[in-house]
Amino acid sequence: MLAFFLLPAITAVVAFFAFSAPVSAAQTIPYKMNFQGKLADASGVPLANGTYNMKFRIYDATTSGTLQWSEQRAVSAGTGVTITTGGLFSVQLGDVSSLPVGIFTNQNLYFEVELPTPATATCSTASCEAYTEGAMTPRNKLGSSAYAFNSDTLDGVDGSQFARNDTTNTFSALQTLTGGATVQATSTSALSVQKAAGSDVLLTADTTNNVIKIGNSTAVSGSDTTVIVLDSATSATVPTGGPGAMYFDSTNNKFMCYTTSWVSCSGGGMTKTVTLAPEYPGGILHASGSNNSGTMTSDMANGLTSGQGYKHNFYQWTTGNATAQSYDVVVNTGIPTEYAGSFGGLKIWTYSSNTTNATGTIQLQDNTGATCYASPVAITPSATTTWQQITVGAISGCTINASGIVTITIHMVAASNAIFEVGEISYTYMN
């Protein structure tokens, strides 16, 4: 039987060429290869000129293996292989069935050719070919043209060293962007700068919340914690910061700093103290309840020992009545305009000649009348005939605002000639 084959002498020099027209780097090459060969009969006589049916395949092994690509050239489909003088032919592989780019990452690829029976070699009706004689052997291993070696690298740099825009990249050397850089992402960590991989975060750009964080902003304490937030209306929208954290309050047009809470950075965000001395500015005397028989006076005490204060202006309440009598000192005091929060540290100096028969309490109210303590707080000294500064404690249940009014009510009770005295009141706040 007559068989078609590629002459060994010819197949040994079969050439494959990957080529592209001169195009810009943004474009891509045609994924096709040129293939040339010569067909002859079993006696070595070149086949006659004409158009022939033929199959081409690429495998990943010399025999058997996995088919990576195939292409059938059929005369009936107008894709047959044209033989010219001397049995020579030239085709572009990939014209009929596209060559998948991914297969060329495998260095072991083998090419084979198959011809139909001689009777159907040039038949031109649909599916007339009879491929019964099998592919030519052995398969030819694909190689590279000389200059194709450079395609494995770019100026000597391997492809694994290139950055890609569709995957995560790690840069191990210094990168300098002389033309600037733009980060376009919606993320709480669109840009992150760390001391080292997984180490302290030095800078984070949060494009979801319009936040720039400088320092280890995930921590709630630590000297390296700094936060800067733009377009934030209230501290409620600001991530928890540690000492040194800061953000811009666009509602009140000021910077806020964090110590133990968010306070205005004006004046360094320092703690300030306000002291009210009898007779208190804005203070009045008020008869509370029905038992108000007694004497209310004001005076000053001198020459007290260290630890009790050296001088005290005071209100004194006393009565000779054996039944407890009471009187109030009520003070409306203005909160400073620079007040930025953290009303606390309320203290008051008091004195009692008899801690059973002469006692006192204190209560605060805000602008709305809401009380700042669940019940009046006792301010009676722990020892008799001794001035003592009583710490009232932090407020709750009311709201203190800059330029607002706080009403302080001191309730003084006495009986049987015992005396109760109140002196200076002080409180702290952050500016």
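Within the stretch 45-67, the set of residues being surrounded by fewer than 19 Cβ atoms within 10 Å (Cβ to Cβ), without any contact (Cβ under 8 Å) to a residue 60 or more places away in the chain and assigned to a strand (DSSP E or B) comprises Pro46, Leu67.
Scanning the stretch 325-360 for residues that are within 18 Å of Gln388 (Cα to Cα), surrounded by fewer than 19 Cβ atoms within 10 Å (Cβ to Cβ) and among the hydroxyl-bearing types (Ser, Thr, Tyr) turns up Ser353, Thr355, Thr356.
For the criterion of being among the small types (Gly, Ala, Ser) and part of a loop (DSSP other than H, G, I, E, B), Ala185 passes. Just the residues that are among the β-branched types (Val, Ile, Thr) and farther than 15 Å from Gly80 by Cβ, please, taken from the stretch 114-139. Thr117, Thr132, Thr137, listed by residue number. Out of curiosity, is Gln27 of a type outside the set (Ser, Thr, Tyr), at pLDDT below 95 and not in a loop (DSSP other than H, G, I, E, B)? Criteria not met by Gln27. For the stretch 107-131, what are the residues that are surrounded by fewer than 12 Cβ atoms within 10 Å (Cβ to Cβ) and closer than 25 Å to Asp60 by Cβ? Scanning the stretch 107-131 gives Gln107, Asn108. Checked against the criterion of being closer than 24 Å to Gly289 by Cα and either without any contact (Cβ under 8 Å) to a residue 60 or more places away in the chain or part of a strand (DSSP E or B) (or both), the stretch 393-403 contains not a single residue that satisfies it. Please enumerate the residues belonging to the stretch 299-332 that are among the hydroxyl-bearing types (Ser, Thr, Tyr) and at pLDDT below 95. The answer is Thr305, Ser306, Tyr310. If you go through the stretch 84-91 one residue at a time, do you hit one that is assigned by TED's automatic domain parsing to the domain that holds Lys141, at pLDDT below 95 and under 46 Å from the mean Cα position of the chain (by Cα)? Checked the stretch 84-91: no residue is assigned by TED's automatic domain parsing to the domain that holds Lys141, at pLDDT below 95 and under 46 Å from the mean Cα position of the chain (by Cα).
Identify the single condition in (1) at pLDDT 90 or above; (2) under 21 Å from Gly283 (Cβ atoms) that Ser416 does not satisfy, given that it satisfies every other one. Ser416 satisfies every listed condition except (2).
Among the residues of the stretch 159-176, is any aliphatic (A, V, I, L, M), loosely packed, with under 10 Cβ neighbours inside 10 Å, farther than 24 Å from Gln72 by Cα and in contact with a Leu (Cβ under 7 Å, 6 or more places away or on another chain)? No; the residues of the stretch 159-176 include none that is aliphatic (A, V, I, L, M), loosely packed, with under 10 Cβ neighbours inside 10 Å, farther than 24 Å from Gln72 by Cα and in contact with a Leu (Cβ under 7 Å, 6 or more places away or on another chain). Of the residues making up the stretch 342-386, just one is outside any strand (DSSP E or B) and charged (D, E, K, R), namely Asp366.
If the condition is being without any contact (Cβ under 8 Å) to a residue 24 or more places away in the chain and crowded, with 20+ Cβ neighbours inside 10 Å, then the stretch 68-86 contributes only Arg73. A single member of Gln316, Gln389 is in a strand (DSSP E or B) and farther than 17 Å from Ser426 by Cα, and it is Gln316.
The values are calculated or read from the model by the stated rules, or taken from the named source; none is laboratory data. These figures come from a predicted structure and were not determined experimentally. We place every Cβ from the backbone using ideal geometry, glycine too, and count neighbours over all the protein chains shown.
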